[in-house]
Amino acid sequence: MFFERFRTDFRSLRFRLMMWNALAVFVTGFAILLIVRAGMGYILRYDLERVLSEDLDEIALNLREERGLDFERLHRELDRKARGHAYHQWFVVFLDRAGEVVWSSTGAPPLPKLDTESKTTTYSTVGDYRLACRELDGTRERAPVVCVGSSLGFIQREMAVVDRLAIVVAGFLLIASPVGGYILAGRATQPLAQMMQTTARLRPTEMHERLKIRGTQDELDRLAITVNGLLDRLAAYLKQKHDFLANAAHELRTPLSAIRSSVEVALSGDRTVDEYNELLAEVIDECSSLETLVNQLLLLAETDAERPTVMDANLRLDSIVTRAAEMFQGVAEFNGVRLRVEPLPCVIVNGNRHYLRQVLSNLIDNAIKFTASRYQLLASQGITSKRGEVTISMDRDNVHNRAQLIIEDNGPGIGPEDLPFIFDRFYRVDRSRMRGTSTGGTGLGLSICQAIIQTHQGTIEASSTIDEGTRFVITLPLTAVPAEPPALV
Ligand code: ADP
């Protein structure tokens, strides 16, 4: 149990942060101690050299000011001073030009032959002693060089104190930095633990909870905002899927119940051949509705899967539009609607021929269907004898490298309260004035158009005015026009 806990802790971010923190503190602390130690050593030596140099100055001054000085007296004075500075093992020696010691004060260590060439003060370390030597001008011929020295032992003793202090501080850091690091890392990772608890509570059915934003605007706050954004999108997506499934089931149920009741009626007693034919025709009708719906659902699933759509390069959009318009000419005439195609420029796009035909079919079919229903209604009420009209036109915008395909009608129009939703799945405009007309659809047509156009990196927009008509504008990116446009297909 403890081992498991330790293993989990061992891999935890908190543990790693603690280790890194401890390492950083320890290394920094240790480096600072080393720098302080080196600095102190340097200062103590520098100080010692300064004192030795001052002593040399003093001796030189004495010799210069008191010409004919009694050297016996000077030696006595220097001896006394040497005894007074016994702690530092301070001493003076006079050397001849060959570097041999001529006189030395009490406590002076035996010195090897020294190099005495310099007029300025020179420093050297001999054994455990630091020496400062200088040639004195105009003094005694026999001993023109004077050296003042002091033991380095006291520096070593003071450095040893520093070392002991450093060991204590390093030991303290070794213990305190992981402990402090563990506490600090615990505080830093606490919001992460809260985030984990909250996200662990989230379920597809319970997506309302969100991560707490502490307002510190640090990385964890920004992470919480990002995760909350993701959760919002996920919740919206799940709701959309749920609604889609519920709507699809509902839409499938209607034709299925109709089929079932037709069959039940057929089986409930003996019928004439005409009655059977009528019932079977109803069944076939419902089956085609079912087929249309299932095909649309499959198409939506395909575009939803976000698989890259297979594109036919260099597609003549104008030819697809012409073919679609030709296909609907008969339906339009049958419904008393005039279907007009304005002269189309040559437009070449990268696209999926099958998908683009689907979009055109949906839009032209809607335009004819709704326009016809309006004029049939008006004619039946004797209000107008005019015909409905659907116009298809296309622009090639070479500046922005795009094509605009416009499908316009003078049908019933869509109210501003419905217009923002017509691209939603299963959305149908339910208006009383449509009653009695045969415009019933699945409400999937426009959402399929939008999904297809989006896979082509294009846009589809609708504008409409009640009783005046509706206009759909599709914008698609052009491909570079080849020298020889592809043949019409
Ligand atoms: P449906 O399959 O029901 O036609 P769509 O997604 O194609 O579904 O259209 C959604 C709704 O938008 C339709 O129910 C209809 O009310 C409205 N609509 C679409 N095109 C037109 C149009 N040209 N004129 C008037 N209303 C339209």
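Within the group Thr371, Thr384, which residue is away from the ligand (no atom under 15 Å from the Cβ) and more than 48 Å from the chain's Cα centre (by Cα)? Spell out how you get there, then give the answer.
Values: Thr371 fails: away from the ligand (no atom under 15 Å from the Cβ).
None of the other options fit; the residue is Thr384.
For residues that are among the hydroxyl-bearing types (Ser, Thr, Tyr) and more than 18 Å from Leu202 (Cα to Cα), tally how many sit in the range 229-248. It would help to see each step written out before you state the result.
First pass over the range 229-248, keeping only residues among the hydroxyl-bearing types (Ser, Thr, Tyr): 237.
Okay, now just the ones that are also more than 18 Å from Leu202 (Cα to Cα), so none.
Summing the residues that are among the hydroxyl-bearing types (Ser, Thr, Tyr) and more than 18 Å from Leu202 (Cα to Cα) in the range 229-248 gives 0.
Name the pairs whose Cβ atoms lie under 8 Å apart, with the first residue in the range 203-230 and within 13 Å of Pro191 (Cβ to Cβ), the second of a type in the set (Lys, Arg), and 6 or more positions between them or separate chains?
Leu220/Arg214; Asp221/Arg214; Ala224/Lys212; Ala224/Arg214
In the range 443-457, which residue that is in a helix (DSSP H, G or I) and not hydrophobic (A, V, I, L, M, F, W, C) is farthest from the ligand (Cβ to nearest atom)? Step through it out loud before you land on a result.
Going through the range 443-457, the residues in a helix (DSSP H, G or I) turn out to be 445-455.
Right, trim to not hydrophobic (A, V, I, L, M, F, W, C) and you get 445, 447, 450, 454-455.
Numbers: Gly445: 3, Ser447: 6, Gln450: 9, Gln454: 15, Thr455: 17 Å.
Taking the candidates together, the pick is Thr455.
Filter the range 391-425 down to residues that are charged (D, E, K, R), outside any strand (DSSP E or B), more than 9 Å from the ligand (Cβ to nearest atom) and more than 27 Å from Tyr375 (Cα to Cα), then give me how many there are.
Residues of the range 391-425 that are charged (D, E, K, R), as a first pass: 395-397, 402, 408-409, 417-418, 424-425.
Next, from what is left, pick out any that are outside any strand (DSSP E or B): 417-418, 424-425.
Checking the rest, the ones that are also more than 9 Å from the ligand (Cβ to nearest atom) come to 417.
Now drop any that are not more than 27 Å from Tyr375 (Cα to Cα), which leaves none.
Here the count works out to 0.
Is it the case that some residue within the range 325-334 is within 15 Å of the ligand (Cβ to nearest atom), touching an Asp or Glu at 6+ places or on another chain (Cβ under 9 Å) and in a helix (DSSP H, G or I)?
Yes; the residues of the range 325-334 include at least one that is within 15 Å of the ligand (Cβ to nearest atom), touching an Asp or Glu at 6+ places or on another chain (Cβ under 9 Å) and in a helix (DSSP H, G or I).
Mind telling me which of the residues Val341, Val321, Val349, Val337 ends up being among the hydrophobic types (A, V, I, L, M, F, W, C), touching a residue at least 40 places away in the same chain (Cβ under 8 Å), surrounded by 17 or more Cβ atoms within 10 Å (Cβ to Cβ) and touching a His at 6+ places or on another chain (Cβ under 8 Å)? Show your work before the answer.
Values: Val341 fails: touching a His at 6+ places or on another chain (Cβ under 8 Å); Val321 fails: touching a His at 6+ places or on another chain (Cβ under 8 Å); Val337 fails: touching a His at 6+ places or on another chain (Cβ under 8 Å).
Result of the check over Val341, Val321, Val349, Val337: Val349.
Restrict the check to the range 186-208 and report whether at least one residue is assigned to a helix (DSSP H, G or I), of a type in the set (A, V, I, L, M, F, W, C) and within 30 Å of Ala60 (Cβ to Cβ). Don't jump to the end; show me each part of the working.
Pass one, the range 186-208, residues assigned to a helix (DSSP H, G or I): 186-201.
Retained after the next criterion (residues that are of a type in the set (A, V, I, L, M, F, W, C)): 188, 192-193, 195-196, 200.
Narrowing the set further to residues that are within 30 Å of Ala60 (Cβ to Cβ) leaves none.
The answer is no; no qualifying residue exists.
Go through the residues of the range 167-183 one by one and say whether even a single one is part of a strand (DSSP E or B) and either in contact with a strand residue (DSSP E or B) (Cβ under 9 Å, 6 or more places away or on another chain) or surrounded by 15 or more Cβ atoms within 10 Å (Cβ to Cβ) (or both). Walk me through it before giving the result.
Kept after step one, since they are part of a strand (DSSP E or B), are these residues of the range 167-183: none.
Checking the range 167-183: not a single residue is part of a strand (DSSP E or B) and either in contact with a strand residue (DSSP E or B) (Cβ under 9 Å, 6 or more places away or on another chain) or surrounded by 15 or more Cβ atoms within 10 Å (Cβ to Cβ) (or both).
Looking at Asn362, is it over 16 Å from Gly469 (Cα atoms) and either within 11 Å of the ligand (Cβ to nearest atom) or part of a strand (DSSP E or B) (or both)?
On the way: over 16 Å from Gly469 (Cα atoms): yes; either within 11 Å of the ligand (Cβ to nearest atom) or part of a strand (DSSP E or B) (or both): yes.
Spelling it out, Asn362 is indeed over 16 Å from Gly469 (Cα atoms) and either within 11 Å of the ligand (Cβ to nearest atom) or part of a strand (DSSP E or B) (or both).
Kindly check whether there is at least one residue in the range 341-356 that is within 15 Å of the ligand (Cβ to nearest atom) and of a type outside the set (Phe, Trp, Tyr). Don't jump to the end; show me each part of the working.
Taking the range 341-356 first, the residues within 15 Å of the ligand (Cβ to nearest atom) are none.
No: zero hits.
Could you grab me the full set of residues in the range 177-200 that are without any contact (Cβ under 8 Å) to a residue 40 or more places away in the chain and over 25 Å from the mean Cα position of the chain (by Cα)? First the steps, then the outcome.
Filtering the range 177-200 down to residues without any contact (Cβ under 8 Å) to a residue 40 or more places away in the chain leaves 179, 183, 187, 190-191, 193-200.
Passing the criteria: Val179, Ile183.
Bear in mind these aren't lab numbers, they're just calculated from the coordinates by the rules spelled out. The model shown is predicted, which means the values in this text are computed figures rather than measured ones. For neighbour counting, all protein chains shown are included, and Cβ atoms are generated from backbone atoms with ideal geometry for every residue, glycine included.
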